[in-house]
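The values are calculated or read from the model by the stated rules, or taken from the named source; none is laboratory data. Source: prediction; values computed, not measured. Because the Cβ atoms are built from the backbone with ideal geometry, glycine has one as well, and the counts that use them run over all protein chains shown. To get the accessible areas, we keep the full protein, side chains included, count just its heavy atoms, and leave off ligands, DNA and RNA. Shrake-Rupley method; radii C 1.70, N 1.55, O 1.52, S 1.80 Å.
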Amino acid sequence: MNLFDILGPVMVGPSSSHTAGAVRIGYIARKLLQETPVKVEILLHGSFATTGVGHGTDRALIAGLLGMKPDDIRIPHSFELAKESGLAFSFGTVNLRDAHPNTAVLKLVGESGKEMEVQGVSIGGGRVLIQKLNGMEVNFSGERNTLVIQNLDTPGSVAKVTSILFWKSVNIATMQLCRDKRGGYAMMVLETDEEIWESSVRELQNLDGVLQVIYLGIEKE
């Protein structure tokens with residue numbers, strides 16, 4: 001156990017799970033989109049839906065989408081700042097089967113028209129898990145260097161990716177694989193011990209069958 005586990009995150013309150021965690025979900029969703037969001041529909045589930053407004057969950061999610069972190073003093077004013085920046089947003093509720101009570105589904109549209117759906121959950125203490133990307137089940141926190149690779153489900157795809165990381169001396173800490181159907185679309189999520197350089201990301205992007213590479217690096221404070 002470390003000091004963070006005891007004291008919790010440095011944050012603008014009132015709740016680590018409903019506020020700080022919500023900011024993190026929005027922030028990671030923005031990074032996953034890889035461009036500035038201009039429109040978002042946010043669906044709240046469980047406790048997020050019933051008590052989220054009182055805890056500032058709605059404003060926290062928007063703050064994260066604007067690029068704010070949990071300790072940003074502008075979080076309470078995120079709605080006004082979103083309107084100034086051209087981010088259109090709406091809220092609704094959703095009942096998800098077997099989902100954590102602090103769950104949000106974000107349906108994003110970027111400035112280029114790119115669309116992405118992110119399902120995230122706040123697990124307490126400001127920590128979060130991203131559980132779905134575009135309907136595919138994943139499980140990562142954004143607390144480690146993370147590669148998200150969308151590709152065609154063809155033989156040898158995993159070997160090609162891991163070979164590049166091997167030659168770059170990158171150690172894989174965890175790896176998840178999922179696909180919508182055999183021979184359809186697939187996704188790899190790899191958490192690594194080392195930083196992934198931009199040149200390596202480009203090399204992965206140029207592999208046959210790879211549709212998109214998203215890299216979330218650990219941010220140095």
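Could you tell me how many degrees, from 0 to 90 and to the nearest 10, lie between the Cα long axis of helix 21-33 and the main elongation axis, the longest principal axis, of the Cα atoms of the chain?
The two axes meet at around 40 degrees.
Which value in deg cm²/dmol, rounded to the nearest 500, describes the helix-derived mean residue ellipticity at 222 nm for the chain, given -39,500 (n - 2.57) per DSSP H run of n ≥ 4 and division by the residue count?
Details: 7 runs with 63 residues, N = 221.
It lands at -8000 deg cm²/dmol.
Taking the simple approach of a point 7 Å from Cα along Cα-to-Cβ for both TRP167 and VAL53, what is their distance in nm?
Going from the TRP167 label point to the VAL53 one covers 5.6 nm.
With +1 on each Lys and Arg Cβ and -1 on each Asp and Glu Cβ, and nothing else charged, work out how big the dipole of the stretch 22-176 is about its Cα centre, in Debye to the nearest 20.
My answer is approximately 280 debye.
Please express the shape of the stretch 18-75 as an equivalent ellipsoid: the semi-axes are the square roots of 5 times the eigenvalues of the C-alpha gyration tensor, given largest first in whole angstrom.
Its equivalent ellipsoid spans semi-axes of 18, 13, 8 Å.
Which far-off residues, 5 or more places away or on another chain, put their amide H under 5 Å from the one on LYS39, with H placed in the peptide plane?
Under 5 Å from the amide H of LYS39: ALA88, VAL109.
Find the accessible area per residue for the chain; the probe is 1.4 Å, ligands and nucleic acids are left out, and the unit is Å².
51
If the limit is 21 Å between Cα atoms, which of LYS39/LYS114; LYS83/LYS107; LYS31/LYS107; LYS31/LYS181 go over it? Present the calculation step by step, with values, prior to reporting the outcome.
Details: LYS39/LYS114 10 Å; LYS83/LYS107 18 Å; LYS31/LYS107 14 Å; LYS31/LYS181 27 Å.
Beyond 21 Å: LYS31/LYS181.
Share of the chain's accessible area from carbon and sulfur, percent, 1.4 Å? Don't skip to the end; give the middle numbers.
Values: 5810 of 11300 Å².
That fraction is 51 percent.
Run the numbers for GLN34 and GLN176: contour at 0.36 nm per residue of separation, minus the present Cα-Cα distance, in nm.
49.0 nm
Would you report the distance distribution of C-alpha pairs in the chain as whole percents per 10 angstrom bin, up to the bin with the largest distance?
8, 33, 35, 20, 5, 0
Can you give me the Rg/Rh ratio for the stretch 100-185, using Cα atoms for both radii and the Kirkwood formula for Rh?
Using Cα coordinates only, the ratio equals 1.00.
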